[in-house]
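The values are calculated or read from the model by the stated rules, or taken from the named source; none is laboratory data. If you're wondering where the values come from, they're calculated on a predicted model, not measured in any experiment. We place every Cβ from the backbone using ideal geometry, glycine too, and count neighbours over all the protein chains shown.
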Amino acid sequence: MNVMANTLDRGFYMYQEEFEQKALEVLRSGWYVLGREVSSFETEFAGYIGCRHCVGLASGLDALWIAFRILGIGAGDEVLVQGNTYIASVMGITMNGATPVFIEPDEYYNLDASKLEEKITDRTKAILVVHLYGQASNMGEIMKIANKYNLRVVEDCAQSHGAKFNGQMTGTFGDIGCFSFYPSKNLGAFGDAGAIVTNDDRIAEDVRVFRNYGSEKRYYNKVVGANSRLDELQAGLLRVRLKHMDQLEAQKRDICERYLRELDAEKFELPKIREGATHIWHQFVIKSDRRDALAEYLKDKGIGTIIHYPIPPHLSEAYQYLGFREGSFPITEEYAKSVLSIPLFYGMREEEQDYVIHWMNRFQE
Ligand SMILES: *Cc1c(COP(=O)(O)O)cnc(C)c1O
């Protein structure tokens, strides 16, 4: 048997008829960018998140850099962000000329709130909280510190659609929540797409203007903006998937509960869930001292895995200019050497789950 880390077409076939019908509807409508599908999706997604506004954008990275741009955070400013995130989070900061200040992660792979205060300077303007792998971060502590130092909070929710902390949705704690709908995300499109959510009317309006060349009215440009529009096809297809989010969430939860029950906890460090947090299982990430040998062994059995992420942003070639070295962030670096994401996707069959569990548990340490 072959079980790939991800098999995205399964998620399409689950609702094939609805997707195909919607695609045809949009193709035949004669309206392809920023139209009825986009505004309906924005209303529906804001409803799902439980906030006042959603503004559709072209990608998750756009949501991040536009968020900082609209908040006026740029050159000379510092933004606190966890060290083990996907590099796009960091690019959202640096594309505006601001400086990322890395914070080590906790045992849940999220920002360690107890390490925030020691990194705050008079240049610190914001915290970028990434709810990594699908688990909500420690928002109680983080918001306490943000309020004490009067810092802006931006949430990177690219992996946390629907995850909550103390019953509140991720994306609604801070000033702006940034979402990606890249095809492999829990709410995925069939191409690139993203959005910001906010309860602030002014921020929503500014982003709405910014995404369309800074124009509110055609050919009247208020500011120098960008082209980051969500298209009708992606918005329509996202609406189809959003309708089924409950079922989709339950499906991943069932698979991961099986993994937690049946994988040998003596052999691998299984993911833990923080009290008060929910996990929507964007990835199921285990930790092992023999990660590379394990990945190689699984590959021999036909089981695909992915490392999220093998090179932490501070050690990537792109960020050499920040001046960090191996050893600068030991916990982040240790995670990069030992984490492994095992197969998990919508429409994953029971026999595929059996197969993964069977061979994982036979790995010889
Ligand atoms: C996917 C992802 C992004 C970027 O989203 P794109 O839509 O690919 O631009 C940003 N941050 C995190 C944590 C992500 O997982």
The listed residue being surrounded by fewer than 24 Cβ atoms within 10 Å (Cβ to Cβ), under 13 Å from V154 (Cβ atoms) and at pLDDT 95 or above, out of I87, I120, I73, I93: I73
When every residue in segment 10-35 that is part of a loop (DSSP other than H, G, I, E, B) and touching a residue at least 40 places away in the same chain (Cβ under 8 Å) is compared, the one surrounded by the most Cβ atoms within 10 Å (Cβ to Cβ) is Y15
Of the residues that make up segment 238-251, is at least one more than 16 Å from the ligand (Cβ to nearest atom), closer than 30 Å to D289 by Cα and assigned to a helix (DSSP H, G or I)? yes
Taking only pairs six or more apart or across chains, which ones have beta-carbon atoms under 6 Å, a first residue in segment 271-282 that is within 10 Å of N138 (Cβ to Cβ), and a second residue that is polar (S, T, N, Q) and assigned to a strand (DSSP E or B)? A277/Q135
Which members of segment 119-138 meet the condition of being closer than 15 Å to V81 by Cα and either hydroxyl-bearing (S, T, Y) or away from the ligand (no atom under 16 Å from the Cβ) (or both)? K119, I120, T121, R123, T124, K125, S137, N138
When you go through A163, A158 one by one, which is the residue that is surrounded by 22 or more Cβ atoms within 10 Å (Cβ to Cβ) and either closer than 14 Å to G276 by Cα or in contact with a Leu (Cβ under 7 Å, 6 or more places away or on another chain) (or both)? A163
Within the group M14, M1, M91, which residue is within 12 Å of the ligand (Cβ to nearest atom) and not small (G, A, S)? M91
Among the residues of segment 175-193, are any under 21 Å from V90 (Cα atoms), more than 15 Å from the chain's Cα centre (by Cα) and at pLDDT 95 or above? yes
The residue from T7, T85 that alone is of a type in the set (V, I, T), away from the ligand (no atom under 16 Å from the Cβ) and assigned to a loop (DSSP other than H, G, I, E, B) is T7
Which residues, taken from segment 39-74, are in contact with a Gly (Cβ under 6 Å, 6 or more places away or on another chain), assigned to a helix (DSSP H, G or I) and away from the ligand (no atom under 16 Å from the Cβ)? E42, I49
Taking R253, is it loosely packed, with under 15 Cβ neighbours inside 10 Å, at pLDDT below 95 and within 28 Å of V197 (Cα to Cα)? no
Of everything in segment 143-167, what is outside any strand (DSSP E or B) and either away from the ligand (no atom under 16 Å from the Cβ) or without any contact (Cβ under 8 Å) to a residue 12 or more places away in the chain (or both)? Give them in sequence order. M143, K144, I145, A146, N147, K148, Y149, N150, L151, N166, G167
Would it be correct to say that E326 is acidic (D, E), surrounded by 12 or more Cβ atoms within 10 Å (Cβ to Cβ) and either in contact with a Lys or Arg (Cβ under 9 Å, 6 or more places away or on another chain) or under 14 Å from G83 (Cβ atoms) (or both)? no
Hey, F173 surrounded by fewer than 24 Cβ atoms within 10 Å (Cβ to Cβ), closer than 28 Å to R241 by Cα, without any contact (Cβ under 8 Å) to a residue 60 or more places away in the chain and more than 11 Å from the ligand (Cβ to nearest atom) or not: yes
Looking at segment 133-158 only, could you name the residues that are within 19 Å of F68 (Cβ to Cβ), within 20 Å of the chain's Cα centre (by Cα) and of a type outside the set (K, R)? S137, I142, M143, V153, V154, E155, D156, C157, A158
Checking the conditions here, which among A204, A195 is within 12 Å of the ligand (Cβ to nearest atom) and closer than 17 Å to A67 by Cβ? A195
From K125, K185, residue being in a loop (DSSP other than H, G, I, E, B) and among the charged types (D, E, K, R): K185
Which condition does H308 not pass, out of (1) assigned to a loop (DSSP other than H, G, I, E, B); (2) loosely packed, with under 14 Cβ neighbours inside 10 Å; (3) on the phi < 0 side of the Ramachandran plot, if it passes all the others? (2)
Which of (1) under 27 Å from K252 (Cα atoms); (2) buried (at least 16 other Cβ atoms within 10 Å of the Cβ); (3) hydrophobic (A, V, I, L, M, F, W, C) is the odd one out, the single condition I273 does not satisfy? (2)
Check segment 269-285 and report whether any residue there is touching a Phe, Trp or Tyr at 6+ places or on another chain (Cβ under 7 Å) and of a type in the set (K, R). yes
Cβ contacts < 8 Å: first residue closer than 17 Å to L151 by Cα, restricted to segment 48-75; second residue buried (at least 24 other Cβ atoms within 10 Å of the Cβ) and of a type in the set (S, T, N, Q), any location; separation 6+ or different chain. Result? L64/S89
